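For reference, the structure is listed below as structure tokens.
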Amino acid sequence: MRDMRQTTIVVAVILAVVTAAACGKKKVATGPQPPPVEQPAPAAVTPNPPAPERIEDTAPVPQPRLADDSILNKSLDDLNRDSPLKPVFFGLDSAELDESGRAVATANAGVLKKYASWGITIEGHCDERGTAEYNLALGERRAVAVKTYLSSLGISPDRIRTVSYGKEFPFDMAHTEEAWANNRRGHFVITSK
């Protein structure tokens, strides 16, 4: 009697599991279905298709130039260590791009057009003279001036961030006119590829 009860319970459990599994696989009615689309019969394959006629008067189609693989394979650290983007230098107490600054920024725009996926940050830097507040504001104006110029050359402003470091990260640690001129700059950092 006891074995019969156990068998009945096992059979009931199995039926419950099978019923639950079957209920979970019910198809939901979605309305009338369109008739199946007939697929065309595959065309006969010609073992050796005829070569197209050569037209002598057509100009060759120019192929797009691929970016330099050696640059594409570099990490961001390596790119920034040997950056193809050069800094733009500014005059004393100035955020105006002079002729040489525009020439450098124009060359950098050419690089950015070639590597259109790159994102950059332009860091505004100043020399050690002036207050921290003054230099932070001047560094910001310098970075924005470079960004504005690059945008006028067709570089999307969405690719360019700006930051000012004022006098906090000098390029040249000396306390000379030459060192101060090297520290008044818009520095380019590649932040994404």
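Simple spin-label model, 7 Å along Cα-to-Cβ: Asp77 to Glu128 in nm?
2.9 nm
Filter the chymotrypsin sites (Phe, Trp or Tyr not before Pro) in segment 117-193 down to the DSSP loop ones having no more than 15 other Cβ atoms within 10 Å, then list what survives.
Phe171
Using a simple spin-label model with points 7 Å from Cα along the Cα→Cβ vector, what separation in nm is obtained for Ala107 and Ser70?
Between Ala107 and Ser70, the label points sit 1.7 nm apart.
Pairs to check: Lys86/Lys193; Lys114/Lys147; Lys74/Lys167. Give those whose C-alpha atoms are more than 28 Å from each other in this structure.
Numbers: Lys86/Lys193 17 Å; Lys114/Lys147 17 Å; Lys74/Lys167 30 Å.
Pairs exceeding 28 Å: Lys74/Lys167.
Considering every Cα-Cα pair within segment 73-192, what fraction, in whole percent, is farther apart than 20 Å?
When every Cα pair of segment 73-192 is considered, 38 percent fall beyond 20 Å.
Report for segment 73-192 the percent antiparallel among DSSP-assigned beta bridges with both residues inside it, nearest 5.
Percentage antiparallel, nearest 5: 60.
Glu96: net charge of surrounding residues, Cβ under 15 Å, Lys/Arg +1, Asp/Glu -1, itself excluded?
On the way: positive: Arg102, Arg141, Arg142, Lys147, Arg184, Arg185; negative: Asp93, Asp98, Glu99, Glu140.
It works out to a net charge of +2.
Could you pull out every residue, at least 5 positions away or on a different chain, whose amide H is within less than 5 Å of the one on Gly119? Hs are placed 1.01 Å off N in the peptide plane, and Pro or chain starts have none.
It is Thr191, Ser192, Lys193, by chain and number.
Laboratory data are not the source of any read-out in this text; all were calculated from the coordinates shown. If you're wondering where the values come from, they're calculated on a predicted model, not measured in any experiment. Here the Cβ is made from the backbone with ideal geometry for all residues, glycine too, and neighbour counts use every protein chain on show.
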